[in-house]
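Enquirer: Please see the structure below; I have some questions.
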Amino acid sequence: MRFFFALLALLSIPHTARAEQPIVHLSMENQTPSTTQFSVQPGAGSRRIPGIFGHALEPAPGNSALQAELPHSFWSPKGTLEFWFRSAHCLRGSSPSKPVQLLGSPIFDLTLTRKKNGLILKILLHTQSERPPRAEILLSRLHAKKWYHLAIIWNAPRGRLDCYLNGTLQQEARLADAGKPWIPARTKQGSLRLGGTLESRTEKTPIAVDEFKLHATCLNPEVLASSVTSATPLEGEGRTEHEGGLDLRKLQLESVYNADFQQPLEVIHENRLFDGNRRLPLPEKAEWILEGPGRAWCEKGSLHLRSDRPEDKGHVVLWNRHDFPANFLLEFGLSPQNSQRGLNILFFSTTARNGIGSPFHPTLPRRDGVFKAYHSGELDGYHLSYWASAAPGNGIPRRTANLRKNRGFHLIGCGDDRITGMGPGPHRIRVLKVGGQIQIEVNGKLALTHHDKGQTHGPTLGAGAIGLRQMSHTVQARYTHFQVWRVSQR
């Protein structure tokens, strides 16, 4: 089968006039090439399939979908590239796979890897540094045969690297040296490779590609948005932006718990719940259970939670002892000590594994704030990282609010962190769970929505405990209120 590619080379257009036009445009549609300056050919065994604009290329195992030799001068220290890609099968966290190269270029390589708990898009920059910068974008899944538009904008002199999926900003390179200039590697090659096959123990998944564009400038978001009018909106695959807030009009709310932070906090530390390695029953007056090296107390009508070892992985978890219903609305107010530094998590629908009941069941081992015991230990439940700013020396915020399902740390939904950089608050967080439909609202705006149909990573989870977790670099936060309602349909 013979392939043709449409190539548009805007070499004669002055740089200042061509800012929004690509210097290279590769279309997989059946057209006669408009220039013969480049060597462009499909990978061995590639086949044509229906694409986003006509036809696309799907690679054969072990090969790229397309290869091109472009002048090295086209790969400048700043620019934008964009292309469409599609997975033949649904991809989500499962058995690990070998990395597949979605794009290879003189500026950076882009790979996709399937891990047990999610998908990782990794960008490795080619620089003159011994430790070149890299970025990782976390995805919960890629739907089968859904076309995704990926755009990467780089500016080496400013140390910037941004990734857009279907027009939504995912994150900048999350590096300790983010914002510092880098120098692209010296190379005489201008090779471009697109598409590949993701291989695991159980299957081979070809990643098809369509319409590639290379720009000699950093496109602004408004211009980039014009490229994605054909894209299907994200459904939590990566960072997803939502409109509006929670709609409670068709729901009946019955208050089941309202914490009184005007009174001294009835809290017990986990150390007092053990006699040696034997877990003791919860005392009747213990309303809250604190795990990890920290303190919890009430002051001036608010709950305060603090790590005593913020510089030494002193993570803390504060559980409410009650078993909350499967369908609920939770509302609480958060005032972080510094909204630019911290990571907070909410546990909900949490039970002991194997259906034996409470997270404080006598058979369960000690937990001391170390995360693995909560996401891959003896508990089942959901956890939501609703605020995820940077740790000291760990670059910039990741931008996402992530919903995971335990046991196993399985990423099932991605949304928007609406707290980082938004000041001391208090920020109002509301979590609505009705069956498998989970929605999170922050300050009146939806941050994440996901429907757990119970078909992956275990069944839909129901009634269980709620816990507040603070990573050590949060140091201290204040909670203005904490109230839970039982939810039913009107």
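Enquirer: Filtering the stretch 386-398 down to residues that are crowded, with 19+ Cβ neighbours inside 10 Å and over 22 Å from VAL487 (Cβ atoms), which residue is modelled with the highest pLDDT? Walk me through how you get there before you give the answer.
Expert: Going residue by residue through the stretch 386-398, those that are crowded, with 19+ Cβ neighbours inside 10 Å are 386-390, 397-398.
Imposing the further condition that a residue be over 22 Å from VAL487 (Cβ atoms) reduces the set to 387-390, 397-398.
Working: TRP387: 96, ALA388: 91, SER389: 87, ALA390: 71, PRO397: 71, ARG398: 79.
Checking each candidate, the answer is TRP387.
Enquirer: Test LEU379 against the criterion of being under 17 Å from LYS453 (Cβ atoms), in contact (Cβ under 8 Å) with a residue 12 or more places away in the chain and aliphatic (A, V, I, L, M), and give yes or no.
Expert: Values: under 17 Å from LYS453 (Cβ atoms): no; in contact (Cβ under 8 Å) with a residue 12 or more places away in the chain: yes; aliphatic (A, V, I, L, M): yes.
Answer is no for this residue.
Enquirer: Here is a follow-up. Kindly indicate which of PHE328, PHE371 is of a type in the set (Phe, Trp, Tyr) and either surrounded by fewer than 19 Cβ atoms within 10 Å (Cβ to Cβ) or outside the structural domain of ARG478 (by TED's automatic domain parsing) (or both). Steps first, please.
Expert: Values: PHE328 fails: either surrounded by fewer than 19 Cβ atoms within 10 Å (Cβ to Cβ) or outside the structural domain of ARG478 (by TED's automatic domain parsing) (or both).
Answer to the selection: PHE371.
Enquirer: Could you please find all residues in the stretch 206-239 being under 25 Å from CYS414 (Cα atoms) and acidic (Asp, Glu)?
Expert: Residues satisfying the conditions are GLU222, GLU235, GLU237.
Enquirer: Which condition does PRO181 not pass, out of (1) of a type outside the set (Gly, Ala, Ser); (2) touching a residue at least 40 places away in the same chain (Cβ under 8 Å); (3) not assigned by TED's automatic domain parsing to the domain that holds ARG418, if it passes all the others?
Expert: Status for PRO181: all satisfied but (2).
Enquirer: Kindly check whether there is at least one residue in the stretch 338-357 that is part of a loop (DSSP other than H, G, I, E, B), aliphatic (A, V, I, L, M) and touching a strand residue (DSSP E or B) at 6+ places or on another chain (Cβ under 7 Å).
Expert: First pass over the stretch 338-357, keeping only residues part of a loop (DSSP other than H, G, I, E, B): 338-342, 356.
Then keep just the ones that are aliphatic (A, V, I, L, M); that gives 356.
Filter again for touching a strand residue (DSSP E or B) at 6+ places or on another chain (Cβ under 7 Å), leaving none.
The answer is no, given that none of the residues of the stretch 338-357 is part of a loop (DSSP other than H, G, I, E, B), aliphatic (A, V, I, L, M) and touching a strand residue (DSSP E or B) at 6+ places or on another chain (Cβ under 7 Å).
Enquirer: Restricting the search to the stretch 324-344, which residues are at pLDDT 95 or above, of a type outside the set (Gly, Ala, Ser) and in contact with a Gly (Cβ under 9 Å, 6 or more places away or on another chain)?
Expert: Scanning the stretch 324-344 gives PHE324, PRO325, ASN327, LEU334, PRO336.
Enquirer: If I go through the stretch 65-95 residue by residue, how many of them are at pLDDT 90 or above, over 14 Å from ILE107 (Cβ atoms) and not in a strand (DSSP E or B)?
Expert: 4
Enquirer: If you take just the strands (runs of 3 or more DSSP E) that sit entirely in the stretch 239-316, which of them hold at least 2 residues that are among the basic types (Lys, Arg)? Walk me through how you get there before you give the answer.
Expert: Values: elements: 251-258, 267-269, 288-291, 294-299, 302-307.
Of the strands (runs of 3 or more DSSP E) lying wholly inside the stretch 239-316, none has at least 2 residues that are among the basic types (Lys, Arg).
So that you can scan it fast, the table gives a plain yes or no per residue for (1) surrounded by 20 or more Cβ atoms within 10 Å (Cβ to Cβ); (2) assigned by TED's automatic domain parsing to the domain that holds SER95; (3) on the phi > 0 side of the Ramachandran plot; (4) not in a loop (DSSP other than H, G, I, E, B):
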position	(1), (2), (3), (4)
THR205	yes, yes, no, yes
VAL209	yes, yes, no, yes
LEU214	yes, yes, no, yes
CYS218	no, yes, no, no
ALA231	no, no, no, no
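Enquirer: So, GLY333, is that one within 24 Å of the chain's Cα centre (by Cα), in a loop (DSSP other than H, G, I, E, B) and within 27 Å of ASP452 (Cβ to Cβ) or not?
Expert: On the way: within 24 Å of the chain's Cα centre (by Cα): yes; in a loop (DSSP other than H, G, I, E, B): no; within 27 Å of ASP452 (Cβ to Cβ): yes.
When the stated conditions are applied, GLY333 does not pass them.
The values are calculated or read from the model by the stated rules, or taken from the named source; none is laboratory data. Please read all numbers here as calculations on a predicted model, not as lab measurements. Note that each Cβ is placed from the backbone with ideal geometry, even for glycine, and that neighbours are counted across all protein chains shown.
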